[in-house]
Structure formats: C-alpha cells, structure tokens
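Let me begin by presenting the structure, written as structure tokens, before commenting on it.
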Amino acid sequence: MWKAVPPRLVGPYLNGQRSVLAGYVYRAQDVRFHNPTEAYLALSLGWEDSEFAPTMTELYLLCWLSRGVDGYQQTTSPGTSEFYLEPIPIPVGAGMCRLGPDGDALVARYDGVAWHPAEP
C-alpha cells in the first residue's frame, strides 16, 4: 500500500509523534509513478487545500504490506483504485520513502516502536 505524506507530517512520523495511518491509500499494484509529478497525478493529490503540488521536487510516501483490503473502504473515485483507511497503528515493517526526480529511495523503516534510518 502507498500513502502520500504531507510535508508537514514527515518529521512527526519519523520522530515518533505520529503513530497511526489513516486516510486515502492506494494498492501499489494499481498505481505506477517514477517521480513526484507522476505520483501527484496517479494518487489524485490535487484536492482543494492540498499541501501537494505537481511541481514538488520530492514527495514522501509511507509503504507497507497489506494482508488484503479488510478494513479498507473502496472509494468511488474515478480512474484510480483508491481506498479510505480508518486509523490503524503503523504496521511493523512499514517504510518511509522519498520520491525525487530520479526515483524513490527508502529513508527509514518502522520496527513497531520507532523509525530507523535505512542503510545506504
């Protein structure tokens, strides 16, 4: 699963101030993108008052393995298979990825207690 993280929440996630996921999420197999502009379009991030812009040079995404879509409510958004997720704890093994103009890179991994920097 993918969840775009608003820029103002990247720090709070990584320093442990945020410990839940909620909102709109996407199955990785349903969306393809290689840079922030493609992700902006693929994840429908242009809603009113969005903190995202198609001109962003980087975008942060939470990614995790889902064991099916139980608890995920499919929306009726046209074009993209989008799900709404009620608040859940961040899954053990989740990753925080940075998507830049040249692709994505894992920044940190969650062990169930804290985020740990990814090894280079």
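The values are calculated or read from the model by the stated rules, or taken from the named source; none is laboratory data. No experiment lies behind these values; they were computed from the predicted model shown. We place every Cβ from the backbone using ideal geometry, glycine too, and count neighbours over all the protein chains shown.
Odds and ends about this structure:
- A Cβ distance below 6 Å, combined with a sequence gap of six or more or placement on separate chains, defines the contacts here; from the stretch 96-113, residues that are closer than 21 Å to THR55 by Cα reach residues that are assigned to a strand (DSSP E or B) and modelled with pLDDT under 95 in the pairs CYS97/ASP104.
- Residues in the stretch 12-32 that are of a type outside the set (Lys, Arg), surrounded by fewer than 19 Cβ atoms within 10 Å (Cβ to Cβ) and farther than 15 Å from ILE90 by Cα: ALA28, GLN29, ASP30, VAL31.
- Residue list for the stretch 92-105, restricted to those being modelled with pLDDT of 95 or more and closer than 13 Å to TRP2 by Cα: ALA94, GLY95, MET96, CYS97, ARG98, LEU99
- Within the stretch 10-32, the set of residues being assigned to a strand (DSSP E or B) and at negative phi comprises VAL20, LEU21, ALA22, TYR24, VAL25, TYR26.
- Number of residues in the stretch 33-53 that are loosely packed, with under 13 Cβ neighbours inside 10 Å and assigned to a helix (DSSP H, G or I): the value is 0.
- Residues of the stretch 19-38 that are more than 13 Å from the chain's Cα centre (by Cα) and in contact (Cβ under 8 Å) with a residue 40 or more places away in the chain: SER19, ASP30, HIS34, ASN35.
- Qualifying residue in the stretch 75-82 (condition: part of a strand (DSSP E or B) and modelled with pLDDT of 95 or more): no
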